[in-house]
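A quick write-up on the structure given underneath.
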Amino acid sequence: MLHLPRRHLVTLLLAALPFATFASPPKGGAANLAMIGEPQSLDPMASTADLVGTIMQHVYETLYTFDSKWNAIPMLADGMPRVSADGLVYSINIRKGVKLHSGRELDAQDVVASLKRWMDMAPRGKSIGKDTVSLEAKGSHSIEWRFKAPSASLLAQLALPSGMAVIMAKESIATPLASFVGTGPYRFKERRPDQFVILSRFDAYSARTEPSNGYGGKREALLDELRFTPVPNANTRVEGALSGQFHFADQLPAEALSRVEKGGAGVVPILTPSYGFPYLVLNTKEGVMANQSLRQAIQIAIGQGEMLTAAYGDKLFFTVEGNHSPQGTPFYSTAGTDQYNKQDAKRAKEMAEKAGYKGEPIRLLTSRNFEFHHTMMQVMAEQLRAAGFKPEMQVVDWATLVQRRGDSKVWDIYMTHSGQFPEPMLSPPQLGDGAPGWWDTPAKAKVLGEFNRQSDPAKRAQLWGAVQQTVYTEVPYINVGKFSSLSARSSRLQGYTPSTWPFFWNTGLAK
Amino acid sequence: MSRMSWGTLGRTLLGRLGGMLAVLSLVSVLVFLLTRLAAGDPMAMLLGDQASLQDIAQARQRYGLDEPLWTQFLLWLGQVLQGNLGQSIFLQMPVSQVLLERAEPTAWLAIFSVGLAMLIGVPCGIVSAVWRGRWIDQCVSTLAMLGASMPSFWMGLLAIQLLAVGAGWFPVSGYGDPGADWLTRIHHLMLPALVLGTLNSALIIRFTRASMLDILSEDYIRTARSKGLPEVIVVFKHALRNALVPILTVLGLTLALMIGGAVVTETVFNLPGLGNLVVRAVLRRDYPVIQGALLVIAAVYVIINFAIDVLYVWVDPRVRHG
């Protein structure tokens, strides 16, 4: 049994209650928020990077957002969409009286123009765009969206703060964006690259009236200013949180936990379990891994438990489990997990021989920009060696990896990671079409086709088991497990609710 | 000075100027090729992890990155010759403006830390030389050795833990809040300057000591002492003045190095300086920024070298007369 120090348990419990409410925090002040780097862009449609969404979700809002249980709930939409019986036509009413940062009232034309831009340029929007027949305004505050095929994940796609389907003033739409005119509780004030992005309170913000719930419900800008400061050096983020210079420090290294815990009353650690998952992508198109039997042998050879232990150390920071969605979530399934964390070198060797493996090198592509990727890959290489494979590590910087993985000729397996999203179709991209790894089989088309056509949430949950089983059978990618995230906040920062994309409305700074 | 020597001088300087232009041309080609031939793609970084390969290809087209290398080079060179270093892919602003903004913290950090290095290094070096072999010399030499071998990131983290988090005297990182006054900015620079200054002083101590020891064993120093001059006058007026030349050279070199950005220190202290800019630009493959920054840094080096050449010509008659 795992023995956790009591203090850790308390922290875990606190983090497990995301979106808990606090006594109303004070108004005023500016919060210094240490983020992991400079945002790739301030255009939330132009980049799928989480950091872009984290910052710009304060400026722009979406038609739908997530509540504390990851259900899509209305934000700029007046209510849930009216869907035709065949699931092909969505009618959505827009809330009336919502003010844009320019002072004008938001209308259906803004929504149509914004969503068209999203379908034109955002990676997720493009896939929705392919299935769209038409999108038009019906009156001043209503839109009608027609599809070729039912799209079960539409609302989750519209709610996701990554490659966001934000609604912007139609006259501000340009590429690149020259001004950032949204409806959010904060408005864009200033960006000084590598120093800060400053958002200031939008006094005419039109809040929803329902109580705050997850990312949804009533949003109130209590802080005068949000100052997102890029601090790529993790140690500097830790020290800045400890000294009180930063009121929030995002994504700290696991080994910083004890320092933050001993940091006194001024700083509070925030541990979010099942924050994300590392995964290995296998090249199903070319090279030695195109052989499915060999991919299955690799799956049997590796021990995810050992990999995660090496990368994170403390068990608080990882979970060794083969189910792709965490327990307690709608898509939890154990289908296929008997193939997870086997580390059976003998059986793997037999399987490889049977599959016709002749000792060809297996090119493992990894980057040290994420140290945990590199550590896990090193452990995996040893596990593969023990099973008679010939792994060949290719350690490159992240920019190089992102480019090389697009070329099916130069790698066999690469390591990456993703946030743990509420809707399985949102990540990894290998579940969609054309992503590196190029998984494209009749079995995939069948199970994912059924899963994506089904709009009944209960039935979709059952169908997900078949998808997970197919992933374990065909091994296009291997889920390593789940990792937790550690952040820290100043005890003065009140009302903060731990979340995957940290947000700072309803958050105040005690004097 | 004769007409002849002016002619020689002119020819020398013209030669150096030609060399300078040749170096800069070579640098521009090398910088362009190095950034473009290195693996990695700015568009893949810009669009994020969930972007598809088609999205990336389309974005490359939009930014003209799919054009042949020589076309891209000529386009860039044409811009540079008109004084335009291009537009940053990530920061969406002109590279020249980015460089100008980043030069400020770097320049101040360089000045403060070299100043501090001089204030620590020169007196310690003198003391060490004057009391050569005594306990104080051994102490100073040991400390200098320690300083020279200590990595700046470690010293930086140590200083942050002790002086910023522990004592709370300095901010941990950054360059002050938006709109901060110059006093706040200087407050933010003090800790990194202390770290860099202390580490660099090790080199200055060793050079000062060596240079002073050379001079103190010269005949004219013995003469000065035998004349009965007080030791203070001998050391400071007669020895130090002459020992200063090599010390100034080292100081100048240190300053020039730091103008290019104290990469590690700027990263640890999250200072928005030139070094930090170049590192981040490389990691995200922001080609225009990498090219612009390296070209400007190279130009500054070349210009400083040219200025030193001119000074040599002015100061040293042997150079002037060929």
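The values are calculated or read from the model by the stated rules, or taken from the named source; none is laboratory data. Predicted, not measured: the structure shown is a model, and the values here were computed from it. Reconstructed Cβ throughout: ideal geometry from the backbone, glycine too, with neighbour counts over all protein chains shown. Quick note on the areas: whole protein, heavy atoms, side chains included, nothing else; ligands and nucleic acids left out. Shrake-Rupley method; radii C 1.70, N 1.55, O 1.52, S 1.80 Å.
Each residue, A:MET393 and A:MET80, gets one label point 7 Å from its Cα in the Cβ direction; the gap between the two is 5.1 nm.
If only the Cβ of Lys and Arg carry +1 and only the Cβ of Asp and Glu carry -1, the dipole of the protein assembly as shown around its Cα centre is close to 960 debye. Ordered by 1.4 Å accessible area with all protein chains kept, B:ILE111, A:ILE413 run largest first as B:ILE111, A:ILE413.
Under 5 Å from the amide H of A:TYR275 lie the amide H atoms of A:PHE483, A:SER484, A:SER485, each residue being 5 or more positions distant or on a separate chain, with H modelled from the backbone and absent for Pro and chain starts. Computed over the stretch B:48-166, relative contact order equals 7 percent, with contacts defined as Cα pairs under 8 Å that lie 6+ residues apart. For the stretch A:199-204, the Karplus equation 6.51 cos²θ - 1.76 cosθ + 1.60, evaluated at θ = phi - 60°, returns couplings of 10, 10, 4, 9, 5, 8 Hz by residue, with Gly and Pro reported as x.
Which log10 I(q)/I(0) values does the stretch A:212-295 give at q = 0.20, 0.21, 0.23, 0.24 Å⁻¹ under the Debye formula, counting every alpha carbon as one identical point scatterer? For the requested q values the scattering log ratios are -1.02, -1.08, -1.18, -1.21. Given their separation in residues at 0.36 nm each and the Cα-Cα distance between them, A:GLU360 and A:GLN292 gain 22.9 nm when the chain is fully extended. Considered as an equivalent ellipsoid built on the Cα gyration tensor, the stretch B:131-225 has semi-axes of 38, 16, 10 Å, the largest given first. Compared with the dominant Cα axis of chain B, that is its longest principal axis, helix B:69-81 is turned about 60°. Solvent-accessible area lost on pairing B with A (1.4 Å probe, both sides summed) amounts to about 3800 Å². Relative to the longest principal axis of chain B, what angle (0 to 90°, nearest 10) does the C-alpha long axis of helix B:182-216 take? It is inclined by approximately 40 degrees. Projecting label points 7 angstrom from Cα along Cα→Cβ for B:VAL232 and B:LEU26 puts them 5.2 nm apart. Counting only protein heavy atoms and a probe of 1.4 Å, the accessible surface of chain A is 52% carbon and sulfur. Using the charge dipole of chain B (Lys, Arg: +1 at Cβ; Asp, Glu: -1 at Cβ; taken about the Cα centre), state which of B:ALA243, B:LEU30, B:LEU311 has its Cα farthest towards the positive end. Of the listed residues, the answer is B:ALA243. The HN-Hα couplings worked out from phi for the stretch A:216-228 by the Karplus form 6.51 cos²θ - 1.76 cosθ + 1.60 (θ = phi - 60°) are x, x, 5, 10, 10, 7, 8, 7, 5, 9, 10, 10, 7 Hz, whole numbers, x standing for Gly and Pro. Straightening the chain between A:ASP314 and A:ALA265 buys 15.3 nm, computed as 0.36 nm per residue apart minus the Cα-Cα spacing. Using Cα atoms only, what is the angle between the long axis of helix B:135-149 and the major principal axis of chain B, expressed in degrees (0 to 90) to the nearest 10? Roughly 10 degrees between the two axes. Close amide H partners of A:MET168, meaning residues 5 or more places away or on another chain with modelled amide H under 5 Å apart, are A:SER114.
Solvent-accessible surface of the protein assembly as shown, averaged per residue with a 1.4 angstrom probe and all protein chains in place: 43 square angstrom.
With a cut-off of 13 Å between beta carbons, the residues surrounding B:LEU244 carry a summed charge of +1, where Lys and Arg count +1 and Asp and Glu -1.
Roughly how many whole Å is it from the C-alpha centroid of the stretch A:326-374 to that of the stretch B:157-235? After rounding, the separation between the Cα centres reads 55 Å.
The H on the amide N of A:SER179, modeled in the peptide plane, is under 5 Å from the matching H of no residue at least 5 residues off or on a different chain.
Compute the whole-percent fraction of alpha carbon pairs in the protein assembly as shown spaced more than 46 Å apart. Value for the protein assembly as shown (Cα pairs over 46 Å): 33 percent. Quick one: with all protein chains in place, what share of the accessible area of the stretch B:133-257 is carbon or sulfur, to the nearest percent (1.4 Å probe)? Exposed carbon and sulfur together represent 68 percent of the surface.
Think of the protein assembly as shown as a dipole: +1 on every Lys or Arg Cβ, -1 on every Asp or Glu Cβ, centred on the Cα centre; then among B:ILE186, A:ILE55, B:ASN84, B:ILE186 lies furthest on the positive end. Phi angles of the stretch A:321-326 translate, via the Karplus equation with coefficients 6.51, -1.76, 1.60 and θ = phi - 60°, into HN-Hα couplings of 8, x, 5, 6, 9, x Hz per residue; Gly and Pro are given as x.
With a Förster radius of 51 Å applied to the C-beta separation of A:ASP338 and A:THR175, the computed FRET efficiency comes to 0.55.
Using equal-weight Cα scatterers in the Debye expression, the normalised intensity of the stretch B:18-68 in log10 at q = 0.15, 0.19 Å⁻¹ is -0.54, -0.70.
Around the Cα centre of chain B, unit charges on the Cβ atoms of Lys, Arg, Asp and Glu (plus for the first two, minus for the last two) sum to a dipole of about 1180 debye. Taking all Cα pairs closer than 8 Å and separated by 6 or more residues, the relative contact order of chain A comes to 21 percent.
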